[in-house]
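Here is the structure we will look at, set down as structure tokens.
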Amino acid sequence: MTDRPIKVLIAKPGLDGHDRGAKVLARGLRDEGFEVVYTGLRQTPEMIVTAALQEDVDVVGLSILSGAHMTLLPRVTRLMHERGLDDVLVTAGGIIPDDDIPALQEAGVAAIFGPGTTIAEVAEYIRTHVRPTGA
Amino acid sequence: MSEDRIRGAELAEAAVAGDRRALAKLLTAVENRTAIAEAAVRRLYPGAGSAHLVGITGAPGAGKSTLVAALIAEARLAGRTVAVVAVDPSSPITGGALLGDRVRMQAYATDDGVFIRSMASRGHAGGLAATSTSAATVLDAAGFDLVLLETVGTGQSEVEVAAAADTTVVLEAPDMGDEVQAIKAGLLEVADIVVVNKGDRPGAQRTAAQLRAMLTVTPAPRRAASSLGEGDDHPAPKRPEVLITTASTGDGVAALLAALDRHRAAGRDGLVDAARLARAEAQVWAIVSERLRDRFHGEASRPATESTLRAVAEHRLDPYTAADRLLASLVDPRTPA
Ligand code: B12
Ligand SMILES: Nc1nc2c(ncn2[C@@H]2O[C@H](COP(=O)(O)OP(=O)(O)OP(=O)(O)O)[C@@H](O)[C@H]2O)c(=O)[nH]1
Ligand SMILES: [Mg+2]
């Protein structure tokens, strides 16, 4: 069965209290027909990866505006690799300087979306890069 | 098909052996109602049945998720493992869903003895997903002691949870108004335990008192009864206990866990047995009707089915005779449908 909705985890790593973007995104993606799990603020990489595993999501979306992305995002991708979640698409957004993007992509973050990104762009990106698995 | 059977068996075995990724994949298969899921459930069912399945229902915002988190904490203290299935509604228009129950439970996300799964209702009315019962079976077979099912915030008629759970908890928040009209007769009828949450708010005691009063004047609740006749020796269901909790601080939650245990122990006198019989019936009938539909719409019988339906539409045949003919054609395929 391939017509089941794509399942996305939206998570906020670290001590970053900026949750407006994450909430906008979570609701927007729901309205685009995705099943969106939102885990709230102040998530450790361990919490995020465990949630991704238990929920069997197709996509992990990390929202970070605190400036700690260079330490936190690679930790998430490394843990995902250790837990065998290599087939899960990882995207990120928030305040992430362009200069940091290559290193993050190197670490396994497939795409990064900054301020002003529309929901439609994110939805389109996910749809073209994910094939939901029947099981 | 046999590939699916093998994959289902592999996932089932791995999930029982403690592989959480396999368990998660299996739950996805269950949600998608694949042949893999069917194969796995066939295999797992005999080993399931020892978990205590607890349904938690109540109005939106009553504190169901917060209470689930508090119950997880309490059960973990007692050394029990806990699985959660938390259901949120799918949009009927886009099919999308925002699954937010987990936010309140994330503190236990990294505890190995806890497994939390969010599910979208995917068009199923009734407060759960159509596949919640199978999901609970899988978690039960995977060895969790307690399986908590959080329903969609209910309006009023979503009493399905009573058929899915051994013990049904109906949650109310204190009412600031004059009367507890918020509590709906339908929901109260299926409650094994009624919890007034937000015990820190004014009015909690009064709400609990009103509920207790209501429950003594209304007839004792009918347990989600099986339509199979129940013998006279069947014990009359007890009236539900009414408890007060403050889920956000954990106050009263130990008492709730104790009440859950008592209700379960009472199962040995037949209460939970009745719930299980009703569940078995609901599950089997759902599969029977699905299979019948598949059968009548299958390639071989579709033309006959369609001409029978057309005859009814055109009033050349009455619907009872049509149904009898379809059923007869199952027994003897030569009978014209
Ligand atoms: C509003 C705001 C706040 C609000 C936050 C309210 C809330 N609950 O969210 C308040 C006032 C609380 C706040 C506080 C602070 N803030 Co502030 N804040 C902002 C501000 C002005 C806008 C952020 C916002 O909400 N944007 C609107 C949303 C919709 O956009 P967004 O989050 O960028 O999300 C979009 C995209 O980035 C993308 N996206 C985001 N996440 C994801 C994830 C995925 C997977 C994808 C695909 C896309 C995606 O899609 C979204 C839609 O377009 C920004 C400046 C700015 N222009 O961004 C500063 C800013 C983020 N804040 C900043 C700072 C420093 C702080 C404070 C530390 C200030 C202080 N000294 O007290 C505190 C820290 C608070 C905390 N606990 O973390 C700095 C961060 C600097 C940095 N990272 O290096 C910024 C950049 C301001 C600045 N130029 O200095 N802040
Ligand atoms: N004061 C107080 N607030 C509580 C208590 N329990 C939960 N809440 C708050 O009530 C709000 C709703 O709690 P949830 O646990 O999300 O409620 P829910 O019933 O799961 O909600 P839905 O899943 O959306 O139907 C949150 O803001 C909680 O913090 C409590 O005992 N006391
Ligand atoms: Mg909830």
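Brief remarks follow.
- Taking the criterion of being more than 11 Å from chain A (Cβ to nearest Cβ), of a type in the set (V, I, T) and farther than 24 Å from A:I48 by Cα, the residues of the range B:91-141 that qualify are B:T131, B:T133, B:T137.
- Scanning the range A:58-94 for residues that are touching a residue at least 40 places away in the same chain (Cβ under 8 Å), under 16 Å from A:L25 (Cα atoms) and β-branched (V, I, T) turns up A:V59, A:V60, A:I64.
- Residue in the range B:16-38 that is more than 22 Å from the chain's Cα centre (by Cα), over 18 Å from A:G84 (Cα atoms) and surrounded by 24 or more Cβ atoms within 10 Å (Cβ to Cβ) present: no
- Helices (runs of 4 or more DSSP H) (entirely within the range B:138-256) containing at least 2 residues that are at pLDDT below 80 and over 17 Å from the mean Cα position of the chain (by Cα): B:204-217
- Any hit, the range B:13-23, residues being within 29 Å of B:V169 (Cα to Cα), more than 14 Å from chain A (Cβ to nearest Cβ) and not acidic (D, E): yes
- Residues satisfying the stated conditions in the range A:1-26, i.e. crowded, with 17+ Cβ neighbours inside 10 Å and at the interface with chain B (Cβ under 7 Å from one of its Cβ atoms): A:R4, A:P5, A:A26
- The number of residues in the range B:42-67 being surrounded by fewer than 21 Cβ atoms within 10 Å (Cβ to Cβ) and either more than 16 Å from ligand 2 (Cβ to nearest atom) or under 16 Å from B:D140 (Cα atoms) (or both) comes to 8.
- Boolean, B:A70 is within 13 Å of ligand 3 (Cβ to nearest atom), of a type outside the set (K, R) and more than 14 Å from chain A (Cβ to nearest Cβ): yes
The values are calculated or read from the model by the stated rules, or taken from the named source; none is laboratory data. This is a predicted model, so every value here is computed, not measured. With ideal geometry, Cβ positions are generated from the backbone for all residues, glycine too; neighbour counts draw on all protein chains shown.
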